[in-house]
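Chemist: Dropping the structure in here first, questions after.
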Amino acid sequence: MTKLAWRRTWFQVHKWIGLILAILIIPLSLSGAALVWHDALDRIVNPARYHISGTTRQTPETYAGAAQAVLKPGERIAQITMPEGEGPIAVAVSPASVDPDRRGPPPRTIVYLDPPTARVLEVAGSNAGLVRFLHVLHGSLQVPGIGRTIVGWIGVAMMVSSFTGLWLWWPTVGAWRKGLRWRRHRNTDTNLHHMAGFWIALPLFVLSLTGAWISFPAFFGGQRAPDRGAQRAVPLAEPGQPLDLVVARAASVRRGALRSIAWPTARSADWTVTYAGGHVVKVADDSGVAVAAPARRPGGLALTMRRIHDGEGMGIVWQIVIFLGGIAPAVLAVTGIIMWWRARDWRAKVPG
């Protein structure tokens, strides 16, 4: 094929990816941009749960008692999570009953407590609120079952779009520096499409690759994909060991800042106490014996891919880049549709 023939081919591929997937790319990319600032966004839309009076902490059993006071009949505490910095204590509560036909783990209730006083700040569903909606939208487009797969294939398509867009950006004649000029066309939307597409092509390719990797871990990393249809194990109604003794037994094995305490369940009759750094202590609910377990340190390439995609712990520069990488696809989709419609209208006016 000649260079011109390749250009025509890539133009058709690039055009139809944009036109067909635009309706999905726009919410997917904008939700990803918003989630770069997940913590700040949560504080803005849920201010009540962050109105803490200080950082001094009570004992875990104090928090468990405060949460228990607002539970509905049949609900059970599943986990207490301590904030790493300033923030509320979060107590996760399992529902009293579970729909047997429901696919996936049932939503929990989260009780947010003030650390110094154990005062209830807010009670909210784990699947409720804007931030959670954005997470589900970005991860599965709010489509149960196959949504994650759809998002993964959109990531693959966006990788192809990034490559073909860069090919089409490259000037057909003259030095490549000519492509950096703003006025390559008389229409502002076309110039914006060319310029934004060039500067965002590489970050967008990386975000699309990491997004596809997260959606298809078994294909890319050889890891088994999690069973998202599995039910959560229900916490025991009456554990054999009191909470204060569990904490004391765990502290005799491992020292450090307490991060979370997970209740024993019918599936695993052990308390799970996690400390800073991912260090874990298992406390048997029947005997009270505490044993250090391997640290929870998800690592390797899978963790790197997720951090690159989410921007967590990657520094403000990369977070800004991926924020713009979320805004840009929406801009490119809109400007691309305008360009296509204008060309369609122009061709209709050309005498046959």
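The values are calculated or read from the model by the stated rules, or taken from the named source; none is laboratory data. Keep in mind that this is a model prediction, so the values were computed, not measured. So basically every Cβ, Gly included, is an ideal-geometry build from the backbone, and we count neighbours across all protein chains shown. Heavy atoms of the whole protein, side chains included, go into the accessibility calculation; ligands, DNA and RNA do not. Shrake-Rupley method; radii C 1.70, N 1.55, O 1.52, S 1.80 Å.
Chemist: Keeping all protein chains in place and using 1.4 angstrom, which order do K3, K282 fall into by accessible surface area, from largest down?
Modeler: K3, K282
Chemist: Also, quick follow-up: Heavy-atom accessible area per residue, the chain, 1.4 Å probe: how many Å²?
Modeler: Normalised by residue count, the accessible surface of the chain is 56 Å².
Chemist: Who wins for biggest fluctuation among N187, N127, N46 in a Gaussian network model of the chain, springs between alpha carbons below 10 Å?
Modeler: For the chain, modelled as a Gaussian network with Cα springs under 10 Å, the answer is N187.
Chemist: Continuing with the same structure: Report the Stokes-Einstein translational diffusion coefficient (µm² s⁻¹, integer) for the range 1-145, Rh taken as the Kirkwood radius over Cα pairs, at 25 °C with viscosity 0.890 mPa s.
Modeler: This corresponds to a translational diffusion coefficient of 134 µm²/s.
Chemist: Give me the base-10 log of I(q)/I(0) for the range 256-347 at each q in 0.18 Å⁻¹, Debye formula, one uniform scatterer per Cα, rounded to two decimals.
Modeler: Values returned for q = 0.18 Å⁻¹ are -0.91.
Chemist: Relative to 2.2 N^0.38 Å, what does the C-alpha radius of gyration of the range 21-71 come to as a ratio? Two decimals please.
Modeler: The range 21-71 yields a ratio of 1.83.
Chemist: Measuring from centroid to centroid over Cα atoms, what is the spacing of the range 6-66 and the range 232-264 in Å?
Modeler: If we compute the Cα centre of each part, the gap is 31 Å.
Chemist: Give me the percent of the accessible area of the range 27-77 that comes from carbon and sulfur atoms, probe 1.4 Å, all protein chains in place.
Modeler: Carbon and sulfur atoms account for 58 percent of the accessible area of the range 27-77.
Chemist: Given points 7 Å out from each Cα along the Cα-Cβ axis, report the W16 to S268 separation in nanometres with one decimal.
Modeler: 4.8 nm
Chemist: Let me ask you something else. Based on Cα positions only, what radius of gyration and what Dmax would you give for the range 68-169, in angstroms?
Modeler: 19.5, 63
Chemist: Now for a separate question. How much length is gained on full extension from L303 to F133, taking 0.36 nm per residue of separation minus their Cα-Cα distance?
Modeler: Additional length available on full extension: 58.9 nm.
Chemist: What value, in deg cm²/dmol to 500, does the helix sum -39500 (n - 2.57) over DSSP H runs of n ≥ 4 give at 222 nm once divided by the residues of the chain?
Modeler: -16500 deg cm²/dmol
Chemist: Can I ask one more? Restricting things to Cα coordinates, could you compute the convex hull volume per residue of the range 111-221 in Å³?
Modeler: 199 Å³
Chemist: Could you compute the net charge surrounding V283? Neighbours are other residues with a C-beta less than 9 Å from the C-beta of V283; K and R count +1, D and E count -1.
Modeler: Net local charge, V283 excluded: 0.
Chemist: Here's another thing I want to ask about it. Could you please tell me the mean projected area of the C-alpha convex hull for the chain, averaged over all directions and given in square nanometres to one decimal?
Modeler: One quarter of the hull surface, i.e. the mean projection, equals 23.1 nm².
Chemist: In the range 230-278, what percent of the accessible surface is made up of carbon and sulfur (1.4 Å probe, ligands and nucleic acids excluded)?
Modeler: Reported share for carbon and sulfur atoms: 52 percent.
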